[in-house]
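Okay, so here's the structure we're looking at.
The values are calculated or read from the model by the stated rules, or taken from the named source; none is laboratory data. Note that this is a predicted model, so its numbers are computed, not measured. All Cβ positions, glycine included, derive from the backbone under ideal geometry; neighbour counts span all protein chains shown. To get the accessible areas, we keep the full protein, side chains included, count just its heavy atoms, and leave off ligands, DNA and RNA. Shrake-Rupley method; radii C 1.70, N 1.55, O 1.52, S 1.80 Å.
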Amino acid sequence: MRQKLIAFWREYFVKSEGHYEIEGAIILPEKVFKASGHLEKFCDPLVQCTKCKSMFRADKIIEEKLQQNADGLTPKELDKIIQENNLCCPKCGGAFMNAREFNLMLRTEVGSVEGNVAYLRPETAQNIFTNFKRIAHTMRAKLPFGIAQVGKVYRNEISPRQFIIRVREFTQMELEVFFAKEQLNDPPNFIEVADEELPILTRELQKKGIEKPIKRTAEKAIEEKLLPNAAMAYYLAKEKILFEEIGIKPEMIRFRHMLPKETPHYSGGNYDLEVKLSIGWTEVVGNAFRQQHDLKSHEKESNTKMGIQHTNGNVIPYVIEPSIGVGRTLYCVLESCYRETDDREWMWFQFPPTIAPYDVKVCPLMKKDGLEEKALELFEELKEEGLEATFDSSGKIGKRYARADEIGIPYCVTIDYQTLEDETITIRDRDSMEQIRVEREELVDVLILLLSGENSFTEIKKLLVEDEQQKEQQ
């Protein structure tokens, strides 16, 4: 599922747009993070218990105990809230020391010489910015263009928790798209998403304590200045489409305009894609209008010109950054697609084919009488046709259907005794648990139609019944 998600993102966000992709170093020199500002500002507020010495994020303690947003508050502001509300250590009930800033980067030293400081990258973006000039030159790139990267990043989280939501090592799918200033409101292909409805939680709504977003089309959101430019609107729309394709319900998605106290000083607007989970609204994608900050900072620190030739001469581009967390996205898919229903005795996942671990499971009704050999032959045939197939011949057929449902496989195909007589095969639909019989020579085409979403199982079943009736009449 993880590989399918990455492949889908790569196809939809990178290849279809003609962007480039790199794989940069995980350990980077200290100078890189001095230029980017991470050494000074990549911090979380930490509080420590005076009794058991446990450490926690001060803002999260406040959010969990008081259900109020504490992002972006200074240590003094956090201390005031903690003291006024008598918040104590959740482990032992002890009092907290004063909050302090804690840098989230993991520090190391490289080489044989002491003092050669480096850090594990906390984001993949800085690889892209430091390689920008080289890639632009090598690929003869013309604005606008993007550079993508999928890879591990590391953050020294104060208190990792909530399964895979908050961890110290995770994978990002990150894209930096570079525009000349005049291109920001005229991105390529915008017309394709202009009518896509975006649920936006504005700063004004947040100030009023309202959690329900307003809905505007991408085009209307620009007209009403809810978003800084059309380029940002374009990538928000693409993210919403991607998330719906992998099984996240539209009503579970919103784009929250980060408040001024949460937004980096260099940003022209940050919009988090949040998904409503059982633990509340959770950030899954960070969207930032980084303007020219990163390239200008690296230009200054490295004494290397970061401009690129454009129609108006040499320019430093503006940057739109959609950054997607792979683990968090998969968590959202699991929670969104989990089902408990009265029509079956087991829990199951209703994954769309886009993200399901397999397209189809092949099952012989029995292991004997040549059924298993016939099923294995079909299994190999489906794999040769490019379908993600798995094989299961262990246990009763009902148990095998249940195992397929439990990991969200959309369809099972069964070889039974009738197959040996007339070369027809049963297809079982996971969602309805209904079955149809198709000719073996038609099986691959029918499965491809079902998996593509061009025809529903009900429609295919109706067509097969009509076809059978016509044959009987003839």
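Hey, what angle do you get for helix 293-302 against the long axis of the chain, alpha-carbon based, 0 to 90 degrees rounded to 10? Long axis of 293-302 versus the principal axis of the chain: about 60 degrees.
For the chain, the fraction of alpha-carbon pairs lying more than 40 Å apart is 35 percent, rounded to a whole number.
Summing Lys, Arg as +1 and Asp, Glu as -1, what charge do residues with Cβ under 12 Å from the Cβ of residue 327 carry, residue 327 excluded? Please report the intermediate quantities before stating the final value.
Details: positive: 2, 152, 166, 168, 328; negative: 169.
Neighbourhood net charge equals +4.
Estimated from helical segments only, the mean residue ellipticity of the chain at 222 nm is -9500 deg cm²/dmol, where each DSSP H run of four or more residues counts as -39500 (n - 2.57).
Taking 0.36 nm per residue of separation and subtracting the Cα-Cα distance, full extension of the segment from residue 6 to residue 342 would add 117.6 nm. Using the Cα gyration tensor of segment 318-358, with a ≥ b ≥ c the square roots of its eigenvalues, what is the shape: rounded (a/c below 1.5), prolate (a/b larger than b/c) or oblate (neither)? Because a/c hits 1.5 or more and a/b exceeds b/c, segment 318-358 counts as prolate.
By the gyration tensor of its Cα atoms, with a ≥ b ≥ c the square roots of the eigenvalues, what is the shape of segment 139-216: rounded for a/c under 1.5, prolate for a/b over b/c, or oblate? Oblate shape, in that a/c is at least 1.5 and b/c is the bigger or equal ratio. Packing, as the average of other Cβ atoms within 10 Å across residues, places the peptides 53-59, 179-185 in the order 53-59, 179-185, highest first. For a modelled paramagnetic label at residue 109, 7 Å from Cα along Cα-to-Cβ, the residues of segment 17-44 in reach, with backbone nitrogen under 15 Å, are 30.
In Å², what does the accessible area per residue of segment 234-293 work out to with a 1.4 Å probe?
Numbers: 1930 Å² over 60 residues.
Computed with neighbouring chains in place, this is 32 Å² per residue.
Overall, the ratio between the Cα radius of gyration of segment 212-299 and 2.2 N^0.38 Å, rounded to two decimals, is 1.15. Shown in residue order for segment 235-245 are the 3J(HN,Hα) couplings computed by the Karplus curve 6.51 cos²θ - 1.76 cosθ + 1.60 at θ = phi - 60°: 6, 5, 5, 5, 5, 4, 4, 4, 5, 5, 5 Hz (x for Gly and Pro). Annotation: amide H of residue 20 within the under-5 Å range of 146, 147, 148, sequence separation 5 or more or interchain, hydrogens built in the peptide plane.
Kindly provide the Kirkwood hydrodynamic radius of segment 164-278 in Å, to one decimal, from all pairs of distinct alpha carbon atoms.
Numbers: mean 1/r = 0.0656 Å⁻¹.
Kirkwood radius, segment 164-278: 15.3 Å.
For segment 42-89, rounded, prolate or oblate, judged on the Cα gyration tensor with a ≥ b ≥ c (square roots of eigenvalues), a/c < 1.5 rounded, else prolate if a/b > b/c? Write out the running numbers ahead of the final one.
On the way: a/c = 1.58, a/b = 1.17, b/c = 1.35.
Oblate is the answer for segment 42-89, as a/c is 1.5 or above yet b/c matches or exceeds a/b.
Here the chain has 48 percent of its accessible surface on carbon and sulfur atoms, given a 1.4 Å probe and all protein chains in place. With θ taken as phi - 60° and the Karplus curve 6.51 cos²θ - 1.76 cosθ + 1.60 applied, the whole-hertz 3J(HN,Hα) list for segment 64-80 is 6, 7, 10, 6, 10, 6, 10, 4, x, 6, 6, x, 5, 5, 5, 4, 4 Hz, x standing for glycine and proline. Across the chain, the mean sequence separation of Cα contacts (distance under 8 Å, 6 or more residues apart), normalised by length, yields a relative contact order of 11 percent. When its C-alpha radius of gyration is set against 2.2 N^0.38 Å (N residues), segment 1-79 gives a value of 1.70. Counting other Cβ atoms within 10 Å of each Cβ, which chymotrypsin sites (Phe, Trp or Tyr not before Pro) in segment 188-275 have at most 16 and sit in a DSSP loop? Of the chymotrypsin sites (Phe, Trp or Tyr not before Pro), the ones in loops of segment 188-275 whose Cβ has at most 16 other Cβ atoms within 10 Å are 266. Pairs from the table (31/240; 152/225; 34/305; 249/461; 65/207) lying more than 25 angstrom apart at Cα are 31/240; 152/225; 249/461. Close amide H partners of residue 102, meaning residues 5 or more places away or on another chain with modelled amide H under 5 Å apart, are 44, 46. Annotation: cysteines of the chain without a disulfide-compatible partner (Cβ-Cβ under 4.7 angstrom) are 43, 88, 332, 337, 363, 412. Between the alpha-carbon centers of segment 86-122 and segment 191-261, tell me the distance in whole angstrom. Cα centroid to Cα centroid, the span is 34 Å.
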